[in-house]
1. With 321, 392 as the choices, which residue is open to solvent by less than 20 Å² (accessible area, probe 1.4 Å), touching a Cys at 6+ places or on another chain (Cβ under 9 Å) and within 27 Å of residue 244 (Cα to Cα)?
2. From the list 279, 206, 223, which one is loosely packed, with under 14 Cβ neighbours inside 10 Å and of a type in the set (S, T, N, Q)?
3. Taking the conditions exactly as written (farther than 18 Å from residue 3 by Cβ, free of Cβ contacts under 8 Å to residues at least 40 places away in the same chain and in contact with a helix residue (DSSP H, G or I) (Cβ under 6 Å, 6 or more places away or on another chain)), does residue 205 satisfy them or not?
4. Given 196, 137, which one is more than 17 Å from the chain's Cα centre (by Cα) and more than 14 Å from residue 3 (Cβ to Cβ)?
5. Do we find that residue 43 is open to solvent by 10 Å² or more (accessible area, probe 1.4 Å) and either more than 11 Å from the ligand (Cβ to nearest atom) or under 22 Å from residue 174 (Cβ atoms) (or both) in this structure?
6. Hey, can you tell me all the residues within region 382-391 that are among the hydrophobic types (A, V, I, L, M, F, W, C) and part of a loop (DSSP other than H, G, I, E, B)?
7. Of all residues being over 24 Å from residue 188 (Cβ atoms) and outside any helix (DSSP H, G or I) in region 1-35, which is modelled with the highest pLDDT? Just the residue, please.
Amino acid sequence: MDLIEKIESRKARVGIIGLGYVGFPLAMEFAAAGFEVTGIDVNPTKVKVVNHGGSHIPDVDPDQVFPLVKSGNLKATTDFGVLADCDAMSICVPTPLNKTKNPDVSFILSASREIKKHLHPGQLIVLESTTYPGTTEELIRPMLEETGLKVGEDFFLAFSPERVDPGNKVYTIRNTPKVIGASTPACLERAKTYYEQIADKVVTVSSTDAAEMVKLLENTFRSVNIALVNEVALMCDVLNIDVWEVIEAASSKPFGYMRFMPGPGLGGHCIPIDPHYLSWKLKSLNYYARFIELAGEINSRMPDYVVLKVMEALNGIEQSVKGSRILILGVAYKKDIDDVRESPALDVFKLLQQKSGEVLFSDPFVHELAMNGKVYKSQPLTPELLQSVQCVVLTTDHSCLDYEMIRKNARLIVDTRNAFGSRGIVSDRIIKL
Ligand SMILES: NC(=O)c1ccc[n+]([C@@H]2O[C@H](COP(=O)([O-])OP(=O)(O)OC[C@H]3O[C@@H](n4cnc5c(N)ncnc54)[C@H](O)[C@@H]3O)[C@@H](O)[C@H]2O)c1
């Protein structure tokens, strides 16, 4: 039976490599669509949680996992040998930066080596991890073709960027269009059929390079626009103008303007990292990606600006960071999630500690933080805690926070999110970014 027929009749067995924020929801989606899905992860704890019908990702409800595990549609393993039985597979492994801020594609390479060991005719392999243009064709394809099997004839290869937005209740895998580029037309046809089973709309492009670039355009667009609005915030500060008022009014324009908000800096696994994949690739081709570098520079300096605001605020009450108890409120990189990767709140935390502040944090989603070889526990947010600190730095605006309680009890608030402004409660005790 051809792969297309196998997919359309739900007889294709699906493998998802990497069961993180991207891979686990994807595995769930294919399993819910009626496929037999095996998730493969190097982390035995995650594998165990899934096989017990649980969830390690806040966006995935364990109540939905259990029935799929029970019915046999979803299972997980650390054994890559199962790839031999898979007809289609998606690679969803991490793509961080290494210490010198260069792309670390070692996870993609190690997953591809495992696929190579079990590659056989008829299989479809799709890379979903965000990476620089050329990864699929230059790294994965030659490695898989070393087996003697030929792409587009024996096996099929494609790139389809993941667009998951953790915490977003409106846009899910199902209703977010899926972009696909493939090595050959035969590969594209199969990859398109595969993703049409779980996404309402599939958008095809002419190559894997173009599909890789699509993701980088999307994330660079965000990074550059956030940097622009962050710089506007700094300029407004110099001009003594309320940046939030300016943004609110500019957003009334129904065309030609898109609202971005300033904040303490960029966080997450994507926006602060992915544009550097692109600039790294271009550097190797002797092209300097100016916008990306400048945006990275502005965004990564925002925590310093927040600390300056804290110092000014404390100065106003004749106190210093040194010796003050300071509460960081919200350490996740964005609203209503538990992910602290690259979170600017961590930089604010460390910078205030370096200035000899006694720093604590509270976050309803993050129970502990490991930093500089120490583990810090989230403090329950109570009137007593708020009264016990000199300053509260609001870095993440979670919807469940009790702002009235915070306003009533905190002596001084540095609000990097305009949470109090948007609630119409601004006073001398609340210093806006
Ligand atoms: N998190 C997001 O919001 C998001 C959105 C879009 C794209 N992406 C991209 O998707 C990719 C995955 O991101 P994520 O957030 O899911 O990462 P993650 O760290 O949450 O998950 C990755 C998983 O892969 C596993 N893993 C690592 N090496 C492996 C290997 N060789 N074989 C099998 N499993 C392995 C890890 O144990 C982990 O469970 C990255 O390229 C990221 O840039 C992430």
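1. Only one candidate passes the filter, namely 321.
2. That would be 206, the only listed residue that is loosely packed, with under 14 Cβ neighbours inside 10 Å and of a type in the set (S, T, N, Q).
3. Yes: the conditions hold for residue 205.
4. Step by step, each of 196, 137 is checked, and only 137 is more than 17 Å from the chain's Cα centre (by Cα) and more than 14 Å from residue 3 (Cβ to Cβ).
5. No: the conditions fail for residue 43.
6. Matches in region 382-391: 389 only.
7. This residue is 19.
So that you can scan it fast, the table gives a plain yes or no per residue for (1) in a helix (DSSP H, G or I); (2) surrounded by 17 or more Cβ atoms within 10 Å (Cβ to Cβ); (3) within 16 Å of the ligand (Cβ to nearest atom):
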residue: 332; (1), (2), (3): no, yes, yes
residue: 337; (1), (2), (3): no, yes, yes
residue: 340; (1), (2), (3): no, yes, yes
residue: 346; (1), (2), (3): yes, yes, no
residue: 352; (1), (2), (3): yes, yes, no
residue: 366; (1), (2), (3): no, yes, yes
residue: 380; (1), (2), (3): no, no, no
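The values are calculated or read from the model by the stated rules, or taken from the named source; none is laboratory data. If you're wondering where the values come from, they're calculated on a predicted model, not measured in any experiment. No Cβ is skipped: glycine too gets one built from the backbone with ideal geometry, and neighbour counts run over all protein chains shown. Surface areas here come from the heavy atoms of the whole protein model, side chains and all, with no ligands, DNA or RNA. Shrake-Rupley method; radii C 1.70, N 1.55, O 1.52, S 1.80 Å.
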